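> Mind looking over this structure? Questions follow.
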Amino acid sequence: IKDFRQVVKHCKLVVSRREEAEREYIGGIITGVVIIFLLATASCYYAGYLDTELVLPMERMMSSVEAFARDPLKPLKERSSIRHKETINLENALIKFGCLLQIAYGEAGAKVISASLHNDGSAQVGKVVNAFYGFCDIRNFTDL
């Protein structure tokens, strides 16, 4: 046993973890590259989705409002689509509102509508307009 203790005192144990560290290093690099690829792919897909589902319909609505501001008497047409149902419903609501404005104000109010849509939100001063109003009451009209 004495000899064994002396042998153990002079022995040196060397453990190398180099291969394991290299495998972890390469695994970490591969994991990082895969994650970056997945994030880039998801980002591109999401950007395209937002463009088709939100940006383009909003631009189309803005162009409809601008066209309505330029010529409030121009007939408005509703759109239909199966794919963009929510944005088409919103656009059709704007078109219906524009049609109601056309019906309510008519040709006389076209300038008012156009000026209001071109206005930046500040209050406008009124304008005096000469108009004629007629009223006729026919007595016992229902008896005829």
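The values are calculated or read from the model by the stated rules, or taken from the named source; none is laboratory data. This is a predicted model, so every value here is computed, not measured. Here the Cβ is made from the backbone with ideal geometry for all residues, glycine too, and neighbour counts use every protein chain on show. Only protein heavy atoms, including side chains, enter the accessible area calculation; ligands, DNA and RNA are left aside. Shrake-Rupley method; radii C 1.70, N 1.55, O 1.52, S 1.80 Å.
> Considering (1) open to solvent by less than 90 Å² (accessible area, probe 1.4 Å); (2) not in a helix (DSSP H, G or I), say which one Phe68 fails and leave the rest.
(2)
Residues checked against (1) closer than 28 Å to Lys127 by Cα; (2) among the hydrophobic types (A, V, I, L, M, F, W, C); (3) open to solvent by 80 Å² or more (accessible area, probe 1.4 Å); (4) outside any helix (DSSP H, G or I):
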{"site": "Phe37", "(1), (2), (3), (4)": "no, yes, yes, no"}
{"site": "Ala40", "(1), (2), (3), (4)": "no, yes, no, no"}
{"site": "Cys44", "(1), (2), (3), (4)": "no, yes, yes, no"}
{"site": "Glu53", "(1), (2), (3), (4)": "no, no, no, no"}
{"site": "Pro75", "(1), (2), (3), (4)": "yes, no, yes, yes"}
{"site": "Ser81", "(1), (2), (3), (4)": "no, no, no, yes"}
{"site": "Leu90", "(1), (2), (3), (4)": "no, yes, yes, no"}
{"site": "Gly98", "(1), (2), (3), (4)": "yes, no, no, no"}
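> May I pose another question? Does segment 100-144 hold any residues that are open to solvent by 70 Å² or more (accessible area, probe 1.4 Å), outside any helix (DSSP H, G or I) and modelled with pLDDT of 75 or more, and which are they?
Selection gives Glu107, Ala108, Asn130, Ala131, Phe132, Tyr133, Phe135, Cys136, Asp137, Ile138, Arg139, Asn140.
> Residues being β-branched (Val, Ile, Thr) and open to solvent by 100 Å² or more (accessible area, probe 1.4 Å): count how many of those fall in segment 1-29.
In the first step, residues of segment 1-29 are kept if they are β-branched (Val, Ile, Thr); the result is 1, 7-8, 14-15, 26, 29.
Now drop any that are not open to solvent by 100 Å² or more (accessible area, probe 1.4 Å), which leaves 1, 14-15.
Total satisfying the criteria: 3.
> Of the conditions (1) modelled with pLDDT under 85; (2) under 26 Å from Leu54 (Cα atoms); (3) not acidic (Asp, Glu), Asn92 satisfies every one except a single condition; which number is it?
Here Asn92 meets the rest and fails (1).
> While we're here: Between a first residue in segment 76-97 that is under 18 Å from Glu59 (Cβ atoms) and a second residue that is in a helix (DSSP H, G or I) and open to solvent by 50 Å² or more (accessible area, probe 1.4 Å), which pairs have beta carbons less than 7 Å apart while being 6 or more apart in sequence or on different chains?
Glu91/Arg60; Leu94/Val65
> I need the full set of residues from segment 1-56 which are touching a residue at least 24 places away in the same chain (Cβ under 8 Å) and hydrophobic (A, V, I, L, M, F, W, C), in order please.
Of everything in segment 1-56, just one residue is touching a residue at least 24 places away in the same chain (Cβ under 8 Å) and hydrophobic (A, V, I, L, M, F, W, C), namely Leu54.
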